[in-house]
Amino acid sequence: MNHAGIVEIDLHGMNKYQAKIYIDSQLKKAKGGVYRIRVIHGYNRGTELKQFIQKEYGKKHPRVLRVEHGLNPGESDLVLKEF
């Protein structure tokens, strides 16, 4: 589901390698109006993807300002720019 300025992607069933390829492709194709990519990674099977996203995109990626974790433990937001 997409909201104005927010793109949601679902990583259920993916491993870290598949998730990285998918997230990177979404970051590459995100246009100027997109300010967040909401990553739905789930949490019932552990926090491996959540930790991976924080480590991989929290400080390293040039398009991501920061990673935010909200009230839903199964989601992380990649903040691309301030709204």
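Here are the numbers for this structure:
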item: Considering only the chain, percent of DSSP beta bridges that pair antiparallel, nearest 5; result: 70 percent
item: Rounded percent of accessible protein surface that carbon and sulfur make up, the chain, 1.4 Å probe; result: 53 percent
item: Angle in degrees between helix 16-29 and the longest Cα principal axis of the chain, rounded to the nearest 10; result: 10 degrees
item: Dimensionless Rg/Rh of the chain - Kirkwood Rh, Rg from C-alpha atoms; result: 0.92
item: J(HN,Hα) series, region 56-67, from Karplus relation 6.51 cos²θ - 1.76 cosθ + 1.60, nearest Hz, glycine and proline x; result: 6, 10, x, 9, 8, 7, x, 8, 9, 6, 6, 10
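The values are calculated or read from the model by the stated rules, or taken from the named source; none is laboratory data. What you see is a predicted model, and the numbers here were worked out from it, not measured in a lab. When the accessible area is computed, the model is the full protein with side chains, heavy atoms only, and any ligands, DNA or RNA have been set aside. Shrake-Rupley method; radii C 1.70, N 1.55, O 1.52, S 1.80 Å.
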